[in-house]
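*Asks:* One structure follows; several queries about it will come next.
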Amino acid sequence: MYYLPLPRTVIPAVMIATVVLVIWLAWGSWQDPERFWAPGHLSRYHADISRCMSCHEAFRGPVTAKCVQCHSVARFAERTMPSAAAFHQEFIRQQHTCVSCHTEHRGALAHITSHAAKNPHGDFVFAVTGTTSCTACHVFEPAFGLPPAVLDNDQVRSVRAKGSGAHRPGHMAHCFQCHGGEFLKGSNAGIK
Amino acid sequence: MTVLSRRLVIIGLSVTVAVAAAWVVEAFLSIGKPSPFAHSRQGHLTGWVGLGTTLLVFVYPIKKRIGQNRRWPRHWFRVHLMAGVMGPLLILLHSGAHLHALVPSLALAAMAVVAVSGIVGQGVHYLALRTLNDRRRQLHDQGLNADEVEAHLHRMAAQEEAFRLWQSIHAPMTLMFLVLTVLHVLGAIYFGGL
């Protein structure tokens with residue numbers, strides 16, 4: 001089969017276009033690295049992080065040593081129940097990595113813990129309360145399997161107040177029996 | 001509808017179905033998994049296999065230009081066609097419909113331009129050659145001599161040349177595809193680890 005040679009200008013034109021593209025990519029990577037390189041948006045838990053190297057180590061990926069810079073023993077003690085802190089410390093001591101259970105870059109509303117209990121309220125509850133964590137409204141029992149208790153704080157009172165117009169104030173568990181997930185159960189309209 | 005437009009429609013539909021099928025398979029493999037298949041270890045492996053398959057396409061142009069007897073390497077051309085279809089399909093399975101980062105998205109777009117221009121070009125070129133040969137046979141059967149036949153075919157051949165635009169896209173865009181692919185692979189290794 002015989003093909004004519006390419007016009008002389010084609011290769012130089014594409015080479016110039018490629019160089020311009022690479023320069024633009026380098027500039028963009030400096031300005032907004034997530035847009036150019038990340039496979040998805042960070043979750044709401046890590047949305048305030050803007051530098052890739054806060055979590056990633058060059059040629060090693062996301063490493064535990066970076067995670068514990070923020071998720072320190074002191075922070076665990078401050079924000080979680082003792083059994084959760086002890087579980088994570090033991091896990092790290094056994095040389096497991098954080099990314100063996102936790103994922104990222106799955107979007108702002110993604111669940112970042114593999115095999116964790118699903119939030120029965122759906123992401124709706126975070127939109128209503130403005131919180132980002134279950135522990136903002138709940139305290140978890142040390143024993144596995146027991147339902148978490150509801151705290152009496154501003155977020156909880158705020159949700160109760162929001163429900164007082166359309167519905168009589170009551171237990172939040174009742175609210176979320178219908179307002180669970182992204183839709184109003186029993187409605188064909190799929191109200192959000 | 002002319003033969004040419006029918007062929008272009010068939011090629012367009014086939015490419016659309018192939019892309020959709022690869023992405024549906026990726027979505028199916030992601031069901032019930034914490035991460036999409038494309039971002040799993042198996043997904044990354046599929047990417048490496050796809051890249052290896054795609055790189056096979058370069059044996060043909062190298063053989064065509066380098067070598068003692070510059071005969072047309074027919075067998076490597078077949079490998080070029082097969083790898084040029086199978087490689088991008090594996091890459092599509094590796095990518096899934098997750099187009100967030102610009103660098104891999106641009107690499108995917110460049111690959112699509114190279115692959116589709118190759119398929120369209122080959123389809124149109126084969127069709128044009130076949131039409132040209134059929135017409136030549138008809139003119140010979142009508143009793144025209146060689147010069148008269150060539151004069152009649154000259155206009156048709158000129159029209160066929162107009163379709164050669166694909167060659168000006170197919171080969172040079174390969175450079176952009178390679179550069180973007182190298183950047184994507186380096187970026188994935190740099191941020192994701194070896």
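FYI, it's all coordinate maths here, none of it is from the lab. This is a predicted model, so every value here is computed, not measured. Heads up, the Cβs are rebuilt from the backbone with ideal geometry, glycines too, and the neighbour counts pull from every protein chain shown.
*Asks:* If r is the Cβ-Cβ distance from A:ILE23 to B:ILE62 and R0 is 22 Å, what FRET efficiency results, to the nearest 0.05?
*Replies:* 0.15
*Asks:* Any idea what diffusion coefficient segment A:1-117 gets from Stokes-Einstein, in µm²/s, Kirkwood Rh on alpha carbon pairs, 37 °C, 0.692 mPa s?
*Replies:* Translational D for this selection: 184 µm²/s.
*Asks:* Which one of B:THR46, B:MET82, B:LEU29 is farthest out on the positive end of the charge dipole of segment B:1-105, using unit charges on Cβ (Lys, Arg +1; Asp, Glu -1) and the Cα centre as origin?
*Replies:* With unit charges placed on the Cβ atoms, the residue in question is B:MET82.
*Asks:* Please name which of B:VAL120, B:HIS184, A:SER50 has its Cα lying farthest along the dipole of the protein assembly as shown towards the positive end, using unit charges on Cβ (Lys, Arg +1; Asp, Glu -1) and the Cα centre as origin.
*Replies:* Farthest towards the positive pole: B:VAL120.
*Asks:* On each of the three principal axes of the Cα atoms of segment B:1-42, give max minus min coordinate, whole Å, ordered largest first.
*Replies:* Projected onto the principal axes, the Cα atoms of segment B:1-42 cover 49, 15, 9 Å.
*Asks:* Could you line up A:LYS66, A:LYS162 from fewest to most neighbouring Cβ atoms inside 10 Å?
*Replies:* Exposure proxy ranking, most exposed first: A:LYS162, A:LYS66.
*Asks:* How big is chain B on each of its three principal axes, counting only the C-alpha atoms and giving the largest first in Å?
*Replies:* 72, 44, 26
*Asks:* With N denoting the number of residues in segment B:69-121, provide Rg(C-alpha) divided by 2.2 N^0.38 Å, to two decimal places.
*Replies:* 1.39
*Asks:* For an R0 of 25 angstrom, estimate the FRET efficiency from the Cβ-Cβ distance between A:SER133 and A:GLN95 and round to the nearest 0.05.
*Replies:* 0.40
*Asks:* Compute the Rg to Rh ratio over the protein assembly as shown from the alpha carbon atoms, using the Kirkwood formula for Rh, and round to two decimal places.
*Replies:* Here Rg/Rh amounts to 1.14.
*Asks:* Continuing with this model, one more query. I need the Kirkwood Rh of segment B:1-86: take the reciprocal of the average 1/r across all distinct C-alpha pairs and report it in angstrom.
*Replies:* It works out to 15.8 Å.
*Asks:* Now, a different point. Would you please state the base-10 log of I(q)/I(0) at q = 0.24 1/Å for segment A:33-89, with intensities from the Debye formula using one equal scatterer on every alpha carbon?
*Replies:* Listed by q, the Debye log ratios stand at -1.03.
*Asks:* Give me the dipole magnitude in Debye, nearest 20, for the protein assembly as shown about the Cα centre, with unit charges on the beta carbon: positive for Lys and Arg, negative for Asp and Glu.
*Replies:* Taking the Cα centre of the protein assembly as shown as origin, the dipole is about 600 debye.
*Asks:* Further question: Would you please give the FRET efficiency between A:ARG60 and B:VAL9, computed as 1/(1 + (r/R0)^6) with r the Cβ-Cβ distance and R0 = 51 Å, to the nearest 0.05?
*Replies:* Efficiency at R0 = 51 Å is approximately 0.55.
*Asks:* Okay, next question. Could you give the size of the charge dipole of segment B:31-150 about its Cα centre, using +1 on the Cβ of each K and R and -1 on the Cβ of each D and E, expressed in debye and rounded to the nearest 20?
*Replies:* With Lys and Arg at +1 and Asp and Glu at -1, about 520 debye.
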